[in-house]
Amino acid sequence: MLQIIAHTPIWVFFLLMTLLYLGYRQSKDREITAYPVFIMPVVFITLGISGTLQQQWLCTTLFVISVAFGVTASLRTSSINRMYKTPNKKLYIPGSWLPMICMVGIFIARYTFNVLAVTKPEQLASWSFIVPYAMSTGFFGGYFLARAIKTIRFYRFKNPIKTETA
């Protein structure tokens, strides 16, 4: 375990610290402009699918299904339901720790993927790894995609988004 950490490039630790910082910032109430919220879904979905495309088609299918599930779950439960426009045409979004949990989850999945690629590449083809990898990165990526969709929909229309809860 210590050898894995010792051989990890230093930029990976900077990336982790950046993700923790971004997650901490999102835990606080804030005002944002609408369109930069698409950066995280694009990055995280690209990272997630890049690992599944190297595997069998079923893994990519699981990833896509997990993205859809993450979008659906987030559209129904996100704290973005409580956002509103400020007088300066920005959006007020209440803080949440969930984005940090999702970012760290994707980081751990990708870190594990890359460690296995170097130490045990045959494990990458194992269903015991690729199924949880595809499902977790897909779900977390779907969460960020739903946040972006809700933010843009809210920003473009005057009325707040109403989501139905079952």
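The values are calculated or read from the model by the stated rules, or taken from the named source; none is laboratory data. Remember, it's a predicted structure, so these values are computed and weren't measured experimentally. Cβ atoms come from the backbone with ideal geometry, glycine included; neighbour counts cover every protein chain shown.
Just one of (1) surrounded by 13 or more Cβ atoms within 10 Å (Cβ to Cβ); (2) within 25 Å of Phe129 (Cβ to Cβ); (3) not hydroxyl-bearing (Ser, Thr, Tyr) fails for Met1. It is (1). Each residue in segment 25-41 was checked for being within 17 Å of Phe140 (Cα to Cα) and either small (Gly, Ala, Ser) or modelled with pLDDT of 85 or more (or both), and 2 pass.
Can we say Phe113 is surrounded by 12 or more Cβ atoms within 10 Å (Cβ to Cβ), in contact with a helix residue (DSSP H, G or I) (Cβ under 8 Å, 6 or more places away or on another chain) and modelled with pLDDT under 90? When the stated conditions are applied, Phe113 passes them. Among the residues examined, Ser66 does not qualify as under 18 Å from the mean Cα position of the chain (by Cα), outside any helix (DSSP H, G or I), modelled with pLDDT of 85 or more and crowded, with 16+ Cβ neighbours inside 10 Å. Scanning segment 19-49 for residues that are exposed (fewer than 13 other Cβ atoms within 10 Å of the Cβ) and in a helix (DSSP H, G or I) yields Tyr21, Arg25, Tyr35, Pro36, Ile39, Thr46.
Matching residues to (1) aliphatic (A, V, I, L, M); (2) within 12 Å of the chain's Cα centre (by Cα):
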site: Phe14; (1), (2): no, no
site: Gly23; (1), (2): no, yes
site: Asp29; (1), (2): no, no
site: Val43; (1), (2): yes, yes
site: Thr46; (1), (2): no, yes
site: Thr60; (1), (2): no, no
site: Thr72; (1), (2): no, no
site: Leu75; (1), (2): yes, no
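Of all the numbered requirements in (1) of a type outside the set (A, V, I, L, M, F, W, C); (2) free of Cβ contacts under 8 Å to residues at least 60 places away in the same chain; (3) crowded, with 20+ Cβ neighbours inside 10 Å, Pro132 misses one, and that requirement is (3).
Which of the residues spanning segment 87-110 are in contact with a Leu (Cβ under 8 Å, 6 or more places away or on another chain) and β-branched (Val, Ile, Thr)?
Correct list: Val104, Ile106.
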